[in-house]
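Structure first, then comments.
The values are calculated or read from the model by the stated rules, or taken from the named source; none is laboratory data. Just so it is clear, the model here is predicted, and its values are computed rather than measured. As a convention, Cβ positions derive from the backbone with ideal geometry for all residues, glycine included, and neighbour counts pool all protein chains shown. All accessible areas refer to the heavy atoms of the entire protein, side chains included, with ligands and DNA or RNA removed. Shrake-Rupley method; radii C 1.70, N 1.55, O 1.52, S 1.80 Å.
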Amino acid sequence: PEDTVTGSFASFISAARPEHLSQTVRQRSKRMILDSLGVGLVGSTTRVFDIALRYCRELYPSVAVSSVYGKPGVKLSPTLAAFTNGVATHSMDFDDTWHPATHPSGAVLPALLAASQMLPPNAKPNGLDFLLAFNVGLEVQGRLMHFSTEAHDIPKRFHPPSVVGTLGSAAATAKLLSLSSAQCCHALGIAASLAGAPMANAATQAKPLHVGNATRLGLEAALLAARGMEASPLILDDIPGCSGFSAFYGVYQPKPLPAPGQRHEFLLEKQDIAFKRFPAHLGMHWVVDAALSVRNLFVNHAGSFSPSLIRSIMLKIPVSKYINRPFPSSEHQARHSFQFNACAALLDGEVGLASFSESSIQRRELRELLDKVVVEHPEDNVANFDKMYGEVALLLHTGDVLTGKCDTFYGHWRKPLSKESLLKKFRSNASHVLPEEKIETIITLVDNLENLSDSSQL
């Protein structure tokens, strides 16, 4: 029934039209698509991606349909292509982040790319259909997270894209396939049965699987619903004594989703997305900017950066166990370490792709800096991407104290990347696997997505 929360979501997915997307929503979502493509392309150079691709090719021989990031001529079944491309997108933790916390694009875009190639020539969605489906997937994720107060903080139990991302992928694919309202309802219910991954696998090679599975399983949920599979019509409702989607949150207060149009404003209209400047957990961006700030003070003070002049390094960071890692030993641990990222920024004056290589992580100079780190958790520094800050203080042997603080890093939704910065990031990422002419073609295609007659060209 449409008067239920689940029914309202299904009706919204089915009824959304391109004219419901404002110019702001279109432009912001196209920036997300471009960034996600670039992150996926550079992610196709990683070991975890190679493992996932080899697994799919060896264990699941199938009719080749959908393209794989960074691998010209390689195609897989639609669901496996979505999986591998989702893994690529999150393989470096370089993908976009929203608030409440999740990685929205990687859970949706690979499913839509795979589905676009899956459909027969006479049923290919155009670019505007693709853009609408992408935004439907974003909106479902955002609305679900707003149902729980605990979702506003850095997560402790479930990795958000494995939860809301799976339903977002199902919603986006259902929209692209033009499923009925009833089928959309079942797609959400099926996706809920396929969702969820624990936070304990953060900072491991298993974490990228969370995004790969979210986009793959959401696609599968929509395909199953299209073929007649049914699920609970109340999966998003709060039913006492019988958990549906509420099983993922201790506090869950769902509300019906207004019909698209005058009574509804897309969340992307109200709040932009955070784009990362370097491949690490979003929380690292605060401490890196704070560290770069205090490094400049140090150079002005001493003439050059000399670690031997530093007695101790104080980090003032929020409490979040899985990103408080004093001595990371792998690239994935380093991407989730306040201490590592602060010290890498101090030592090198930047953090980038090369910062997370094994040789960089094991440097003696870096280890010596890590030995000097002391951590404090001020009560006003909460584990929330909208409220937290990073502070780095250097206590010198002379007794001088130099301090750098960051409340909003460059790339945060309050301080968005400029068009020039976003294009620079995309070109740099894509250049690892594509020639310049193809890179520029992708930029043009995404910029003119509304006018693309066949979205599978992406």
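Below, the figures for the structure above:
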| read-out | value |
| --- | --- |
| Largest-first ellipsoid semi-axes for region 250-331, taking √(5λ) over the Cα gyration tensor eigenvalues, angstrom | 41, 18, 11 |
| Built amide H within the under 5 Å cut-off of residue 375, gap 5+ | 315 |
| Nearest-20 debye value, region 282-406 charge dipole, Cβ charges on Lys, Arg, Asp, Glu | 180 debye |
| Helix-only [θ]222 nm of the chain, DSSP H runs n ≥ 4, -39500 (n - 2.57) each, per residue, nearest 500 | -14500 deg cm²/dmol |
| For the chain: rounded, prolate or oblate by the Cα gyration tensor [a/c cutoff 1.5] | prolate |
| Cross-link pairs 372/424; 30/75; 175/270; 207/415; 316/415 - those with Cα-Cα distance over 30 Å | 372/424 |
| Solvent-accessible area per residue, Å², over region 282-406 with all protein chains present [probe radius 1.4 Å] | 42 Å² |
| Residue among 258, 56, 140 farthest towards the positive dipole end of the chain, charges placed on Cβ | 56 |
| Within straight-line cross-link reach of residue 124, aspartates and glutamates at Cα separation under 16 Å, skipping those fewer than 8 residues along the same chain | 450, 454 |
| Fraction of beta bridges assigned by DSSP in region 282-406 that are antiparallel (%, nearest 5) | 75 percent |
| Cα gyration tensor shape of region 176-244, rounded if a/c is under 1.5, else prolate or oblate by comparing a/b with b/c | oblate |
| Simple Cβ-charge dipole of the chain, Lys/Arg +1 and Asp/Glu -1, about Cα centre, in debye nearest 20 | 580 debye |
| Cα Rg over Rh - region 282-406, Kirkwood | 0.94 |
| Selection from 191, 445, 243, by position along the positive dipole direction of the chain (Cβ) | 445 |
| Relative contact order of region 14-118, pairs being alpha-carbon contacts under 8 Å that are 6 or more residues apart, as % | 30 percent |
| 0 to 90° range, to nearest 10: angle between helix 78-90 axis and the chain longest Cα axis | 20 degrees |
| In degrees, nearest ten, helix 5-15 long axis to first principal axis of the chain (Cα) | 80 degrees |
| Bridge type composition, the chain - antiparallel percent by DSSP, nearest 5 | 80 percent |
| Rounded, prolate or oblate (a/c below 1.5 giving rounded, otherwise prolate when a/b exceeds b/c) for region 48-172 by Cα gyration tensor | oblate |
| Length-normalised contact order of region 282-406 in % [C-alpha pairs under 8 Å, at least 6 apart] | 42 percent |
| Proximal lysines to residue 71, defined as alpha-carbon separation beneath 19 angstrom and excluding residues fewer than eight positions away on the same chain | 438 |
| Dipole axis of the chain (+1 Lys, Arg; -1 Asp, Glu on Cβ), positive-most option in 113, 44, 160 | 44 |
| For the chain: relative contact order, % (alpha-carbon pairs under 8 angstrom, 6 or more apart) | 21 percent |
| Accessible surface of region 282-406 [probe 1.4 Å, protein heavy atoms]: carbon and sulfur percent | 48 percent |
| Cα long-axis angle, helix 181-193 against the chain (0 to 90 degrees, to the nearest 10) | 40 degrees |
| Exposure rank, largest accessible area first [425, 415; 1.4 Å] | 415, 425 |
| Note, ³J(HN,Hα) from phi for region 294-304, Karplus 6.51, -1.76, 1.60, rounded to Hz, x at Gly and Pro | 6, 4, 4, 4, 4, 4, 5, 7, 10, x, 7 |
